[in-house]
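Student: Below you'll find the structure I mean.
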Amino acid sequence: MEFSWPVLPTTVDGSDFEVTLNTGEKVIADGASITPNLEYNERSTVVIVSNKFGNRLEPGTPGAIYPVKLRIVKDSTPLTLVGPGGRKKVAVGLSHGNGKKPMTGYYSGPTLCAAKLSVLSTVGEGGPAFFAGGYTPNDGAALYGSNAQYRLRVLTTGGFSPDGVRSLYPTEYSSFFQIEVKDLDGRSVLLTETNKTYSLRAGSIQILGLADLSVAQSSYDDSWRSSVLSGNQHNLMDLFSQH
């Protein structure tokens, strides 16, 4: 589940989340965690789990069970969000879904929730030292050095994995992404390749690659995948550009 504000981790529990199924049944999550979104600036994402959320049959298939609505409910430690300036807001009462449309990755797959373009900053990068080994630093500065000047942060829901098993590689921008920009004359240009300079009337831009997925490596293969935390549920990643 994605929030517009980061969550306060100490208030995250399965008992915060009520899921309504297409059968009309309401179930409470068995567990919830910010993992694997462990970095300080990734905590807008909460992973909730339960074997009661449904089965693997696609919507429309006889016997299919799937979520249609999610609601934040009150428990002994109400889920709390942390906004600008440290402002805190209890999330009880927030909901998503209309009670009819299927809410399952088997139906819709990954969905883009938000994107934000900003000057590169490493504020909030990294996480608790206990989880750092082999996983961080993985930000744009760590992967691309001084060439990384800007970043486009994208937030998705429904997980994000090329095949449902492995994580996305920092080198796979061209395989799964494209950015549409509008030049000063109103012309649309698609940025589809990395390390290519696109010359526009407004200036030039070059996509360096993806970040927030792995530490810098000379290559990304099976040995790399086995040495880091599973990444097939990373919901927040950066696309870096050089102007």
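The values are calculated or read from the model by the stated rules, or taken from the named source; none is laboratory data. Remember, it's a predicted structure, so these values are computed and weren't measured experimentally. Because the Cβ atoms are built from the backbone with ideal geometry, glycine has one as well, and the counts that use them run over all protein chains shown.
Student: So, in segment 94-108, of the ones that are within 15 Å of residue 2 (Cα to Cα) and of a type outside the set (S, T, N, Q), which residue ends up surrounded by the fewest Cβ atoms within 10 Å (Cβ to Cβ)?
Tutor: Taking segment 94-108 and keeping what is within 15 Å of residue 2 (Cα to Cα), we get 94-97, 103-105.
From what is left, the residues that are of a type outside the set (S, T, N, Q) are 94, 96-97, 103, 105.
Working: 94: 16, 96: 13, 97: 15, 103: 25, 105: 15.
Of everything passing the filter in segment 94-108, 96 is surrounded by the fewest Cβ atoms within 10 Å (Cβ to Cβ).
Student: Can you find even one residue in segment 23-34 that is in the same structural domain as residue 100 (by TED's automatic domain parsing) and touching a His at 6+ places or on another chain (Cβ under 6 Å)? Lay out the reasoning, then the answer.
Tutor: Filtering segment 23-34 down to residues in the same structural domain as residue 100 (by TED's automatic domain parsing) leaves 23-34.
Of the ones still in play, those that are also touching a His at 6+ places or on another chain (Cβ under 6 Å) are none.
No, because not a single residue in segment 23-34 is in the same structural domain as residue 100 (by TED's automatic domain parsing) and touching a His at 6+ places or on another chain (Cβ under 6 Å).
Student: Moving on. Output the residues belonging to segment 167-210 that are surrounded by 12 or more Cβ atoms within 10 Å (Cβ to Cβ), assigned to a loop (DSSP other than H, G, I, E, B) and touching an Asp or Glu at 6+ places or on another chain (Cβ under 7 Å).
Tutor: Answer for segment 167-210, where residues must be surrounded by 12 or more Cβ atoms within 10 Å (Cβ to Cβ), assigned to a loop (DSSP other than H, G, I, E, B) and touching an Asp or Glu at 6+ places or on another chain (Cβ under 7 Å): just 202.
Student: Within the set of pairs 6+ apart or on separate chains, which have a first residue in segment 80-93 that is within 10 Å of residue 16 (Cβ to Cβ), a second that is in a loop (DSSP other than H, G, I, E, B) and aromatic (Phe, Trp, Tyr), and C-beta atoms under 9 Å apart?
Tutor: From segment 80-93, the pairs are 91/3; 91/5.
Student: Here's another thing I want to ask about it. Kindly indicate whether any position in segment 31-52 is assigned to a loop (DSSP other than H, G, I, E, B), free of Cβ contacts under 8 Å to residues at least 24 places away in the same chain and within 29 Å of residue 127 (Cβ to Cβ).
Tutor: From segment 31-52, those assigned to a loop (DSSP other than H, G, I, E, B) are 34-39, 43-44, 46, 50-52; that's our starting set.
Still in the list and also free of Cβ contacts under 8 Å to residues at least 24 places away in the same chain: 35, 51.
Pick out the ones that are also within 29 Å of residue 127 (Cβ to Cβ) and you get 35, 51.
Looking for residues that are assigned to a loop (DSSP other than H, G, I, E, B), free of Cβ contacts under 8 Å to residues at least 24 places away in the same chain and within 29 Å of residue 127 (Cβ to Cβ), one finds at least one in segment 31-52, hence yes.
Student: Which one is nearest to residue 12 (Cα to Cα), of the residues in segment 35-84 that are surrounded by 15 or more Cβ atoms within 10 Å (Cβ to Cβ) and of a type in the set (Gly, Ala, Ser)?
Tutor: The residue in question is 44.
Student: I would also like to ask the following. How many residues are closer than 12 Å to residue 39 by Cβ and either within 18 Å of the chain's Cα centre (by Cα) or aliphatic (A, V, I, L, M) (or both) when one looks only at segment 118-130? Show your work before the answer.
Tutor: Quick first cut of segment 118-130, residues closer than 12 Å to residue 39 by Cβ only: 122-128.
Remaining after also requiring either within 18 Å of the chain's Cα centre (by Cα) or aliphatic (A, V, I, L, M) (or both): 122-127.
Residues meeting the conditions: 6.
Student: Tell me whether segment 141-157 contains one or more residues that are farther than 30 Å from residue 103 by Cα, part of a loop (DSSP other than H, G, I, E, B) and modelled with pLDDT of 90 or more.
Tutor: Yes.
Student: Further, regarding this structure: Report yes if residue 51 is at pLDDT below 95, farther than 25 Å from residue 154 by Cβ and within 23 Å of the chain's Cα centre (by Cα), otherwise no. Don't jump to the end; show me each part of the working.
Tutor: Values: at pLDDT below 95: yes; farther than 25 Å from residue 154 by Cβ: yes; within 23 Å of the chain's Cα centre (by Cα): yes.
Yes; evaluated as a whole, the condition is true for this residue.
Student: Among (1) at pLDDT 80 or above; (2) surrounded by 15 or more Cβ atoms within 10 Å (Cβ to Cβ); (3) under 26 Å from residue 34 (Cα atoms), there is one condition residue 160 misses while meeting the rest; what is its number?
Tutor: Failed condition: (1).
Student: Follow-up question, since we're still on this one. Residues of segment 10-28 being part of a loop (DSSP other than H, G, I, E, B) and more than 20 Å from the chain's Cα centre (by Cα), which ones? Walk me through how you get there before you give the answer.
Tutor: Step one: list which residues in segment 10-28 are part of a loop (DSSP other than H, G, I, E, B), which gives 12-13, 22-25.
Of everything in segment 10-28, those that are part of a loop (DSSP other than H, G, I, E, B) and more than 20 Å from the chain's Cα centre (by Cα) turn out to be 22, 23, 24, 25.
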